[in-house]
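Structure first, then comments.
The values are calculated or read from the model by the stated rules, or taken from the named source; none is laboratory data. None of these values were measured; they are calculated from a predicted model. Neighbour counts run over all protein chains shown; Cβ positions are idealised from the backbone, glycine included. For the accessible areas, the whole protein counts, side chains as well, though only heavy atoms, and no ligand, DNA or RNA atoms are used. Shrake-Rupley method; radii C 1.70, N 1.55, O 1.52, S 1.80 Å.
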Amino acid sequence: MVLAASAAKRLAKLGAAEGKALMLRVAVDGGGCSGFQYRFDLVEMAEDDDLRIETDGQAALIDPVSIPFLKGSEIAYVDELAGAQFVVKNPNAASSCGCGVSFSI
């Protein structure tokens, strides 16, 4: 798993705006229109069993249950006409919905 430079840069900006270091928690939950969905949260502390991925001094955290679903993925930040958001580029996803938030394996 990789935290893209675009995501690290956005995390740094968010942390600077809040005046504290923030990490991006990425999880996979059941649900969504394709079976699974990504959940993103900004947190200040990691859990003991989190997988920590770092780029340019910024970190993403992944819980042990979500790791198999995200293996080989890239966590990025995109700013496009449709909106700005964190995204997961997941090679394990057989299909995904139009918004990219939910996927199937």
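Among the residues of the stretch 76-105, write down those that are modelled with pLDDT under 85, part of a strand (DSSP E or B) and polar (S, T, N, Q).
SER95, SER96, SER102, SER104
So how many residues does the stretch 11-54 have that are touching a residue at least 60 places away in the same chain (Cβ under 8 Å) and more than 12 Å from the chain's Cα centre (by Cα)?
Counting residues in the stretch 11-54 that are touching a residue at least 60 places away in the same chain (Cβ under 8 Å) and more than 12 Å from the chain's Cα centre (by Cα) gives 6.
Return the residues of the stretch 22-58 that are at pLDDT 95 or above, under 17 Å from MET1 (Cα atoms), open to solvent by 60 Å² or more (accessible area, probe 1.4 Å) and not hydrophobic (A, V, I, L, M, F, W, C); say none if nothing qualifies.
Correct list: ASP49, ARG52, GLU54, ASP56, GLY57.
Quick check: is even one residue across the stretch 4-21 of a type in the set (Lys, Arg) and open to solvent by less than 70 Å² (accessible area, probe 1.4 Å)?
Looking for residues that are of a type in the set (Lys, Arg) and open to solvent by less than 70 Å² (accessible area, probe 1.4 Å), one finds none in the stretch 4-21, hence no.
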